[in-house]
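Note sheet for the following structure.
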Amino acid sequence: MTGLPMGAIAAKEDGVVSKEGMMAARQAKSVSRASSVPAARSGSEPAARRRAGKTAPALDREALLAAYAKMLLIRRFEEKAGQLYGMGLIGGFCHLYIGQEAVVTGMQMALEPGDQVITSYRDHGHMIACDMDPRGVMAELTGRSGGYSHGKGGSMHMFSKEKGFYGGHGIVGAQVSLGTGLAFANHYRGNDRVTLAYFGEGASNQGQVFESFNLAALMKLPVVFIIENNRYGMGTSVERASASRDLSQNGAPWHIPGMQVDGMDVMAVKAAGDRAVAHCRAGNGPFLLEMKTYRYRGHSMSDPAKYRTREEVQKMRTEHDCIDLARKALEGLGESEASLKKIDDEIKARVQDAAVFAQESPEPDEAELWTDILVEG
């Protein structure tokens, strides 16, 4: 995942690219990349032809091993977070990502340094996929000074500009508008950065989401909108909440190309991510991906999830688990059971280290109450 050469950048005045220079830069990038970017799919294309995963090229062994390890790290981290929540060491809300690991892992593999990620409050997996330190994430969850926000924010107030992670946001759908803003900043500066804006199917029919679609399409902003369709917005099945049965076509009124993806298959996600990111990076405007995924736990740790059967959850776990699918693919490539177990053991040790670090970190000093506050004078 090495960086691609930047497109032609026009002369700047006071550090800001001129409108003419920005247009010239985008034209140059579009010409230089046109031969390598697949044609955008129209919103009217039949759904059967828009689905990714059926002909997705396999990742090579090294890349698949890296994806497997990343997904496993996210799952073991979330399992430990759930355990600490049960012990009373994590307060407030705790929204786990268990089951959905292939989505963020596969998409992150399609990015380059300098690209940006923004998401909702189910965000621990996204932080880890962006290579944020599990120690800092766990310390923040437990409200300790070693956390990314010095123990003052929890899940919904962590970010890392260095890692390109611009937060998990508690207002449903708000991150879509903010992600569109990040993409506008890249468009304005004339660079070739791409923004990923994640949101759930429960937010997919919000007004601010459609307003973001309109602006992104109108200005051809480099943003990939990603619907993580885990079937249940809080406790309501998507079939009861959305008249649309194909959320990948929600951008059709604005001619935003869309694709449904098997979000439990990291190889299919990577293939779809490559296509969508290349489309945006070439200056062709936004792209919409609907990831068909599943969460094994409730909406949050306080949700007993009685709106679905145990049999439904177990069927997904046993027949279509993203980590199991990756492990079987690796075994088919000759990876031994012992080597895969070693990876799991190393990851468990890393997560345990993060948990110990979090519990041993001191609570924030009282003086922190007066820091990081915007005061208008």
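The values are calculated or read from the model by the stated rules, or taken from the named source; none is laboratory data. Just so it is clear, the model here is predicted, and its values are computed rather than measured. Glycine also receives a Cβ, built like all others from the backbone with ideal geometry; neighbour counts cover every protein chain displayed. Remember, those area values only see protein heavy atoms, side chains included, never the ligands or the DNA or RNA. Shrake-Rupley method; radii C 1.70, N 1.55, O 1.52, S 1.80 Å.
Scan segment 236-246 for residues that are outside any strand (DSSP E or B) and under 15 Å from Tyr294 (Cβ atoms) and report the count.
Final tally of qualifying residues: 2.
How many residues does segment 157-171 contain that are under 19 Å from Thr195 (Cβ atoms) and open to solvent by 50 Å² or more (accessible area, probe 1.4 Å)?
The qualifying residues number 6.
Return the residues of segment 133-162 that are touching a Ser or Thr at 6+ places or on another chain (Cβ under 7 Å), hydrophobic (A, V, I, L, M, F, W, C) and closer than 15 Å to Asp353 by Cα; say none if nothing qualifies.
The answer is Ala139, Leu141.
From the set of residues in segment 236-249 that are surrounded by fewer than 23 Cβ atoms within 10 Å (Cβ to Cβ) and either β-branched (Val, Ile, Thr) or under 19 Å from the mean Cα position of the chain (by Cα) (or both), which is nearest to His299 (Cα to Cα)?
Thr236
Go through segment 95-112 and count every residue that is within 12 Å of Met301 (Cα to Cα) and out of contact with any His (no Cβ under 9 Å at 6 or more places or on another chain).
1
With the condition kept exactly as written, say whether any residue in segment 354-365 is closer than 27 Å to Ala268 by Cα, without any contact (Cβ under 8 Å) to a residue 60 or more places away in the chain and either open to solvent by less than 30 Å² (accessible area, probe 1.4 Å) or out of contact with any Cys (no Cβ under 7 Å at 6 or more places or on another chain) (or both).
Among the residues of segment 354-365, not one is closer than 27 Å to Ala268 by Cα, without any contact (Cβ under 8 Å) to a residue 60 or more places away in the chain and either open to solvent by less than 30 Å² (accessible area, probe 1.4 Å) or out of contact with any Cys (no Cβ under 7 Å at 6 or more places or on another chain) (or both), which makes the answer no.
Only residues that are buried (at least 22 other Cβ atoms within 10 Å of the Cβ) and at positive phi: list them for segment 131-153, please.
Gly151
When only residues in segment 186-235 that are assigned to a helix (DSSP H, G or I) and closer than 22 Å to Gly125 by Cβ count, which is most open to solvent (accessible area, probe 1.4 Å)?
Narrowing segment 186-235 to residues assigned to a helix (DSSP H, G or I): 186-189, 201-203, 207-219.
Now narrow it down to the ones that are closer than 22 Å to Gly125 by Cβ: 201-203, 209.
Numbers: Glu201: 12, Gly202: 55, Ala203: 5, Val209: 0 Å².
Looking at residues that are assigned to a helix (DSSP H, G or I) and closer than 22 Å to Gly125 by Cβ, I get Gly202.
With Arg327, Arg317, Arg297 as the choices, which residue is basic (Lys, Arg) and surrounded by 20 or more Cβ atoms within 10 Å (Cβ to Cβ)?
Arg327
Out of curiosity, is Leu178 surrounded by fewer than 21 Cβ atoms within 10 Å (Cβ to Cβ), of a type in the set (A, V, I, L, M) and touching a residue at least 24 places away in the same chain (Cβ under 8 Å)?
yes
Name the pairs: first residue in segment 60-72 and in contact (Cβ under 8 Å) with a residue 12 or more places away in the chain, second residue outside any helix (DSSP H, G or I) and open to solvent by 50 Å² or more (accessible area, probe 1.4 Å), Cβ to Cβ under 6 Å, at least 6 apart or on different chains?
Correct list of pairs: Arg61/Leu333.
So which residues in segment 85-126 are part of a helix (DSSP H, G or I), over 15 Å from Ala67 (Cα atoms) and open to solvent by less than 20 Å² (accessible area, probe 1.4 Å), if there are any at all?
Scanning segment 85-126 gives a single hit, His124.
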